[in-house]
Amino acid sequence: MKKLNKNIAFYLLSIICFIVFGYLIFYQFSVVNVFLSILLIPLFIIIRAPSLKAKKIFTTFVLAIITFLITINLNFPTNKVAVKYVIPAVNLVKKVFTGNHYKSVDERYEINIANKDLIKDAFLFGYGIGDVQNELNNYYYQHISDSKSYLIAYEKKLNTHNNYAFFILCGGVVLLILFLMSLVFSIYKGVLHKDWIYIFFLIIISVNLMFENMLSRIHGVLFYAIFNGFFIAKMINKNNQD
C-alpha cells in the first residue's frame, strides 16, 4: 500500500510539474520552445508507445489535430500573440531565404549580420569575453542608417542572440569546436543508452543556443549544468546496476 501511495504521489507530482512547465513555456511564449514542445512531446510519446498499433493510433491522432488547426482559419493578423511573436518570427525566416524586407521582422536578422561581419575580423581567437558587447555596440552605432533594427539593438545593447556566434566572438573557432565536441559526446552517450529524454533535452538546448545566449547567463549555465549532471548520474547509476 505504501508503494502504491508513493507511485500515485510520484505521478501526481509529475503531472503538476508538466502543467507548470507547460504553462511557463506558453506564458513566456518563446516561439522556438513552443515549436519544440509541439514537435518533441508527441514524438517522445510515439517512441515510447508500447506497441506498433499504439504508435499508429497516436500518430494518427496528432496528425488529425494538426490538420484541424490548419483547417480552422486562425486569424493571425488580429491575434495579439501572433502579431507580437509569430509574425515577426515568420517574417524573419522569409527574410533569411528571400532577402525581402517586411514591416514586422525580428531584430535577429540584423544582429546575425553584425555577428557574421565581426567574426570575419577575429575568426581564430575572437575578441575576448569582455570586449564582445563593445564590438557589437560599435557595429550597431555605425550601421544605424542601414536599418531601424540597428538603432533598437544599439539602444537596448542587444547581445549576439546566438550563443554559437558568441563563442566564436569570445574565443574564436577554437572555443566553438571545444563546446561542440562536448555537445556531440553528450548526444552520443544519450543515443548509446537510448535515453530519449536526455537526447531531447540536448536538442532543446542546441536549438535554443541558435537564438539566445543561454550559456552567457548564470541561470542558463546552472540550468544546463545541473540537468546535464542529473542525466549523466542516471546513466552511471544504470551502468553500475547492470
Collect the residues in segment 39-50 that are open to solvent by 50 Å² or more (accessible area, probe 1.4 Å) and either of a type outside the set (A, V, I, L, M, F, W, C) or farther than 20 Å from Y198 by Cβ (or both), keeping them in residue-number order. R48, P50
Selection from segment 126-183 of residues that are under 24 Å from A225 (Cα atoms) and either of a type in the set (S, T, N, Q) or part of a loop (DSSP other than H, G, I, E, B) (or both): G128, I129, G130, N159, T160, H161, N162, N163, S182
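This table checks each residue for (1) in a helix (DSSP H, G or I); (2) without any contact (Cβ under 8 Å) to a residue 24 or more places away in the chain; (3) more than 22 Å from L39 (Cα to Cα).
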residue	(1), (2), (3)
Y188	yes, yes, no
I197	yes, no, no
F200	yes, no, no
V207	yes, no, no
M210	no, no, no
L215	yes, no, yes
Y224	yes, yes, no
I232	yes, no, yes
I236	yes, yes, yes
So for segment 24-47 (the condition being of a type in the set (S, T, N, Q), more than 24 Å from S149 (Cα to Cα) and at pLDDT below 60), does at least one residue qualify? no
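The values are calculated or read from the model by the stated rules, or taken from the named source; none is laboratory data. Just so it is clear, the model here is predicted, and its values are computed rather than measured. Backbone-built Cβ (ideal geometry, glycine too); neighbour counts: all protein chains shown. Only protein heavy atoms, including side chains, enter the accessible area calculation; ligands, DNA and RNA are left aside. Shrake-Rupley method; radii C 1.70, N 1.55, O 1.52, S 1.80 Å.
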